[in-house]
Amino acid sequence: MKSQSEEKKYMPVISQKEIDELRNVIKATSQRIIAENIERMKKTDTNRPKAMQYFDEIANFGTREKEIRAAKESGKKVIGYMCLFAPIELILAADAIPVRVNSGWYDTSKLGDRVVPVEVCPMVRSTIGAKMIGLSPYLELSDALISALTCDGMTKLGEILSDYKPVWAMVLPRVKDSARSLRLWNEEIKAVKRQIEALTGNKIRQKQLKYAIELTQKATKAFRRLQELRNGSPVIMGRDAMLVNQTYMWDDIQRWTEKTEALCDELEKRARQKIWACPPDTPRVMVTGTPMIWPDNWKLPTLIEEANPQGVLVADELCSSERLLYDPVGVDEWTMNDMLKAIGERYLMASTCSCFTSEDGNEDRINWLLNKVKEWDIQGVIYYVVRGCMLYAIEYTRVKKVLDRLNIPVYYLDTEYTREDVGQMKTRVEAFLEMLTARIDI
Amino acid sequence: MITAGIDMGTQSVKAVILKDSEVISRGKSFSGFEPTKAAEQVVGEALKKVNLSLSNVNHITTTGSGMDMAPYFNSTISMMGADAKAGVYLFPKARTVIDVGAEEARAVKCDDNGIMIDFVVNERCAAGAGAFIEAMARALEVKLEEMGPLSLKAERASPINATCVIFGESDVVTLIHRQESKPEIARAIFDAMAERVSSMVYRLGVNPDVVLVGGVAKDVGFVASLKRKLGVDVLTPEFPEYAGALGAALIAVNRVKKM
């Protein structure tokens with residue numbers, strides 16, 4: 001770890017007094033927002049699944065923070081990551097704890113403005129701000145960070161955070177479907193494996209890696225089961241499902257899998273009894289674009305599901321939710337080499353991140369969206385972009401074109417890490433939902 | 001059947017009263033600090049003009065950014081939904097309805113029944129809306145209503161880069177320092193606004209007939225600039241600022257029929 005006195009590349013010097021004051025205020029707001037979000041979710045579905053109670057607890061960062069802190073005291077290492085390209089299985093196989101550290105706090109994005117200009121992606125600014133005041137328990141507890149070089153913001157965020165922690169950059173090829181790219185990526189996987197081994201002092205062996213892969217395969221199975229249950233009449237509100245998905249980013253994976261399976265059992269029972277979370281003719285909405293991180297950046301899902309007329313989120317294409325675990329690591333032979341290759345392929349090929357391109361464009365993402373729209377009977381798509389998120393903003397034009405062909409309405413909604421624009425967003429979201437309803441009946 | 005539409009706009013409150021889908025009365029007032037009271041007065045006066053009272057009204061539909069603050073209503077409709085309805089009522093061939101109000105510009109694509117099928121809204125900046133003209137009129141020291149006619153006298157266009165009211169104002173100051181004439185500066189202002197509004201409309205697709213509503217449609221300078229930028233004719237109704245209230249009142253008719 002670098003000492004505080006060492007000259008920082010990016011971070012300004014702030015007095016401990018100011019840090020403490022800011023952290024206390026923002027932490028209190030964060031606690032209030034978490035409680036409020038959960039209350040509102042309970043109000044939207046007054047007969048919310050009982051199994052959600054567990055996820056509500058995990059959504060309050062404190063519970064998991066205590067566990068991770070205790071594990072650290074017993075000698076475990078914590079490895080944080082920003083983008084979904086960090087190979088979780090290798091972290092688990094080295095007996096370390098993986099946590100995602102992207103920030104969803106609105107207030108810390110204003111602190112990030114002291115370091116980088118406001119044009120920069122607010123998720124990046126917010127993560128910088130969170131680090132400035134030590135707000136994120138997972139970022140603070142991380143012994144090292146894995147930074148996949150995806151978009152410009154994430155690339156530089158890793159550089160900025162290296163003022164505090166060892167940051168392992170992983171070079172991500174932007175063209176997926178080539179043997180060259182896969183070779184490079186597999187080298188990156190091996191390099192990060194060596195770094196994980198050096199940090200933890202644990203050599204990753206065949207047995208542990210197999211166990212870790214099986215663990216995430218089981219998690220993927222539970223995850224897929226939950227998303228499948230969102231097809232058909234709404235048995236769970238979108239926000240609830242999104243919260244379950246998202247807690248995977250910091251929860252204990254085995255326990256998360258068990259709790260998700262239990263939730264699915266409950267939901268299947270409800271589906272059989274035709275107990276719906278909202279009227280079955282509620283317009284079925286999907287969101288795609290910039291990730292939405294708990295707790296503050298929950299405003300769009302909240303608006304959609306509390307709107308008049310109401311919508312229900314039945315799917316999303318967000319790296320903070322449905323993209324997290326959609327695809328399992330597929331292993332043929334449980335040899336070390338094959339497992340590493342399978343991990344490499346899963347993280348690169350299965351991703352539908354907007355950072356990719358090819359001769360045909362980013363067709364994996366487009367096809368994923370089209371399949372989802374058709375199979376999940378989506379009636380409208382909200383394309384969500386925060387200011388400064390160039391890659392998603394650019395791909396909107398392409399997505400709109402293909403959805404127009406299917407006669408599926410899509411609305412481009414751009415926003416910031418702020419609570420102040422909720423009124424304007426509400427007007428737009430309600431007009432969009434009204435339009436979806438009008439297609440059925442006016 | 002008597003129906004009413006109330007448009008709780010950002011700058012003014014408008015009301016339209018219909019008798020069997022025909023306009024029989026309208027009223028308008030500044031929203032001010034108490035928009036609910038303002039609306040109450042506007043609706044009351046509009047009804048009084050035609051010897052009616054609230055009890056005669058079958059259904060009231062409200063719209064506008066402050067729709068939740070309307071004093072009384074039976075239902076609501078989004079501003080975009082109201083624009084589409086009013087646009088097609090006023091011009092049956094309308095398929096694109098552009099609404100430029102005090103603080104927002106939007107465009108709606110609609111079908112022959114006046115049902116919206118797509119829409120875009122300007123990006124939270126007043127440079128594409130009426131408030132921009134007001135600020136610029138102040139900078140040029142001319143009356144708001146003089147801006148349009150003045151701009152039509154311009155012999156050439158001097159581009160300004162209006163992405164925001166504040167930056168727009170400093171660009172105008174630059175033109176003043178360059179000793180450009182007032183008509184040319186006025187034209188530059190409308191061109192910049194029309195540029196922003198038209199790029200928004202292009203994203204939606206320019207499907208004729210194109211109709212412009214909202215208070216800014218009364219400004220001949222803006223209409224001329226918008227026609228140039230879109231390359232098609234732009235139709236404007238007689239009372240463009242009442243389009244939202246009219247659309248809401250028409251939606252109210254549908255809702256009464258459905259009951």
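Near the amide H of residue A:410, under 5 Å away, which other amide H atoms are found, from residues 5 or more places off or on another chain, if H is placed in the peptide plane?
Residues meeting the criterion, in which the H sits 1.01 Å from N, are A:381.
Cross-link partners among lysines for residue B:257, C-alpha distance below 18 Å, same-chain residues fewer than 8 apart left out?
B:19, B:85
Which of the helices in chain B, when you take each full DSSP H run, stretch at least 30 Å along the axis at their Cα atoms and have an average Kyte-Doolittle score of 0.0 or higher?
Those that pass (Cα extent of 30 Å or more, hydropathy at least 0.0) are B:182-204.
Positive end of the dipole of the protein assembly as shown, charges at C-beta (+1 Lys, Arg; -1 Asp, Glu), about the Cα centre: which of A:79, A:412, A:371 has its Cα farthest in that direction?
Result: A:79, furthest along the dipole toward the positive end.
Which residue, chosen from B:30, A:91, A:166, occupies the Cα position most advanced towards the positive end of the dipole of the protein assembly as shown, where the dipole is computed from +1 (Lys, Arg) and -1 (Asp, Glu) charges on Cβ about the Cα centre?
A:91
Taking residue A:77 as the anchor, which lysines have their alpha carbon closer than 22 Å to its alpha carbon, excluding any fewer than eight residues away along the same chain?
A:2, A:66, A:131, A:165, A:190, A:193, A:203, A:207, A:210
Per-residue ellipticity at 222 nm for chain B, helices alone: DSSP H runs ≥ 4 residues times -39500 (n - 2.57), over residue total, nearest 500 deg cm²/dmol?
-13000 deg cm²/dmol
Can you sort A:250, A:376 from fewest to most other Cβ atoms within 10 Å of each residue's own Cβ?
Ordered by Cβ neighbours within 10 Å, fewest first: A:376, A:250.
Give me the number: length gained by fully extending residue B:74 to residue B:256, i.e. 0.36 nm times residue separation minus the C-alpha to C-alpha distance, one decimal in nm.
64.5 nm
So if I place +1 on the C-beta of Lys and Arg and -1 on the C-beta of Asp and Glu, and nothing else carries charge, what would the dipole magnitude of chain B be about its Cα centre? I want it in debye, nearest 20.
It comes to approximately 440 debye.
What share of all Cα pairs of chain B, in percent, falls into each consecutive 10 Å distance bin?
8, 32, 32, 20, 7, 1, 0
Which cross-chain or sequence-distant (5 or more) residues have an amide H under 5 Å from the amide H of residue A:169, H modelled 1.01 Å from N in plane?
Sorted by chain and number, the residues that satisfy this are A:147.
Over 18 Å between Cα atoms, which of A:8/A:76; A:374/A:401; A:9/A:156 qualify?
A:8/A:76
So for B:33, B:167, fewest C-beta neighbours within 10 Å to most, what's the order?
By the 10 Å Cβ count, ascending, the order reads B:33, B:167.
Give the relative contact order (percent, whole number) for chain B; include only Cα pairs under 8 Å separated by 6+ residues.
24 percent.
Convert each backbone phi in the stretch A:316-332 into a coupling constant with the Karplus relation 6.51 cos²θ - 1.76 cosθ + 1.60 (shift: θ = phi - 60°), then list the ³J(HN,Hα) values in order as whole Hz, x for Gly and Pro.
Whole-Hz 3J(HN,Hα) from phi for the stretch A:316-332: 8, 10, 10, 6, 9, 9, 6, 7, 3, 9, 5, 10, x, 6, x, 10, 8.
Placing +1 at every Lys and Arg Cβ and -1 at every Asp and Glu Cβ, with all other atoms neutral, what dipole size does chain A have around its Cα centre, in debye to the nearest 20?
Dipole of chain A, to the nearest 20 debye: 560 debye.
For Cα pairs less than 8 Å apart in space and 6+ apart in sequence, what is the mean separation divided by the residue count of chain A, i.e. the relative contact order in percent?
In percent, rounded to a whole number, it is 18.
In deg cm²/dmol and to the nearest 500, what is the mean residue ellipticity at 222 nm of chain A if only DSSP H runs of at least 4 residues count, each as -39500 (n - 2.57), divided by the residue total?
Helices in chain A give a 222 nm mean residue ellipticity of -17000 deg cm²/dmol.
Treating only the Cβ atoms of Lys and Arg (+1) and Asp and Glu (-1) as charged, compute the dipole magnitude of the stretch A:307-442 about its Cα centre; round to the nearest 20 debye.
With Lys and Arg at +1 and Asp and Glu at -1, about 400 debye.
For the stretch B:93-236, what does the relative contact order come out to in percent, with C-alpha contacts under 8 Å and a separation of six or more?
Relative contact order here is 31 percent.
Under 11 Å from the Cβ of residue B:76, count the other residues' Cβ atoms, weight Lys and Arg +1, Asp and Glu -1, and hand me the total.
Spelling it out: positives minus negatives among the neighbours equals -2.
When Cβ neighbours within 10 Å are restricted to other protein chains, what is their mean count per residue of peptide B:56-69?
Mean shielding by partner chains, rounded to a whole number: 1.
Among the listed pairs B:14/B:143; A:400/B:28; A:72/A:259; A:72/A:176; A:299/B:28; B:14/B:229, which have their C-alpha atoms separated by more than 32 angstrom in this model?
Beyond 32 Å: A:400/B:28; A:72/A:176; A:299/B:28.
Read-outs throughout are calculated quantities, based only on the coordinates presented, and are distinct from any laboratory measurement. It should be emphasised that the depicted structure is a prediction, and the values quoted were computed from it without experimental measurement. No Cβ is skipped: glycine too gets one built from the backbone with ideal geometry, and neighbour counts run over all protein chains shown.
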